[in-house]
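Following: one structure in structure tokens, then a few remarks.
The numbers here are math on the coordinates, done by the rules we state, and not lab data. These numbers come from a predicted model, not from an experiment. Positions of Cβ are backbone-derived with ideal geometry, glycine not excepted, and every protein chain shown enters the neighbour counts.
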């Protein structure tokens with residue numbers, strides 16, 4: 001589509017072309033419209049939650065409900081250095097005899113970042129809201145950070161699955177971080193442009209396989225190839241379109257399956273496996289993925305409440321990009337993302 005046609009279509013659909021011009025050129029008008037109409041629940045405005053909200057607001061998200069009943073503690077290094085929505089210059093104006101909610105102090109500056117976003121702040125009863133099915137059913141996506149109780153996380157995941165709502169659960173511990181992804185079941189579409197002259201051999205082979213329906217259906221244990229087709233495009237381009245079905249497991253199943261010794265070796269080559277298993281952090285996260293165990297472990301207790309801005313920035317960007325990819329039917333992460341910044345490892349495990 002030409003630039004003039006893009007601008008014309010944007011105006012016809014009442015999208016602010018000047019405000020969202022960069023985003024529309026990146027991922028298209030239809031995806032931007034879905035971003036504008038999405039209703040997202042973000043739980044807890046810790047360092048990682050702050051990065052996620054920032055990226056959502058900058059993407060042009062239409063509706064965010066932030067749920068966080070934590071009080072702000074100026075002596076908490078995590079709250080003080082990772083809360084860029086809480087300006088340090090404003091803290092001196094606070095009444096030192098009063099207690100303030102973390103979200104209460106950040107709300108105004110969050111709204112300033114994207115005044116067009118319908119942002120709601122709830123500062124009471126986080127657990128009660130998370131277990132309220134009527135409350136959760138209004139959202140298109142739930143993102144949970146900072147909550148460590150595995151029983152609660154499993155209960156919430158059961159509800160989101162019943163309501164068919166995608167869920168992200170993410171944690172950050174010093175140089176380590178993880179994101180659990182549950183889209184329950186979804187389909188993705190991969191498009192590849194082929195040159196009608198240069199890629200004639202590949203086009204011919206793909207055409208023959210499609211006619212015979214002779215291509216591998218099972219790609220991985222949770223991924224199946226549904227269909228393939230070739231489409232003639234303009235200017236000598238042939239588009240190969242593949243549709244894939246993805247199945248996701250629950251957080252409870254993740255905890256149960258994580259003990260599988262073949263989890264890493266079955267997905268990576270020998271060199272990658274040695275590199276991953278040779279460091280100290282990724283196997284540690286896998287062995288201690290149950291949040292209740294995290295709390296009891298000395299290694300992670302030392303990192304408790306310590307979120308490094310560089311780590312949260314990487315994971316916050318990865319999560320929001322994954323969400324946007326889901327809106328335009330692109331492939332999303334499947335289904336556990338692990339970051340070990342100390343050893344420069346960032347891997348996706350299909351559990």
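Here the residues 162, 107, ranked from fewest to most Cβ neighbours within 10 Å of their Cβ, fall in the order 162, 107. From the Cα gyration tensor of region 57-130, with a ≥ b ≥ c the square roots of its eigenvalues, which class applies: rounded if a/c is under 1.5, or else prolate if a/b is larger than b/c, or else oblate? Oblate, since a/c reaches 1.5 and b/c is not below a/b. Extending 7 Å from the Cα toward the beta-carbon at both residue 269 and residue 30 defines two label points whose distance is 3.6 nm.
Distance between the modelled labels on residue 95 and residue 330, one decimal in nanometres: 4.9 nm (7 Å Cα→Cβ projection).
Between residue 73 and residue 16, the modelled label-to-label distance comes to 3.8 nm, taking each label 7 Å out from Cα in the direction of the beta carbon. Full extension of the chain segment joining residue 154 with residue 298 gains 49.4 nm, where the gain is 0.36 nm per residue of separation less the Cα-Cα distance.
A simple packing score, the average count of other Cβ atoms within 10 Å per residue, orders the peptides 88-96, 335-343, 42-50 as 42-50, 335-343, 88-96, with the highest score first. Among 345, 134, 149, the order by Cβ neighbours within 10 angstrom, fewest to most, reads 134, 149, 345.
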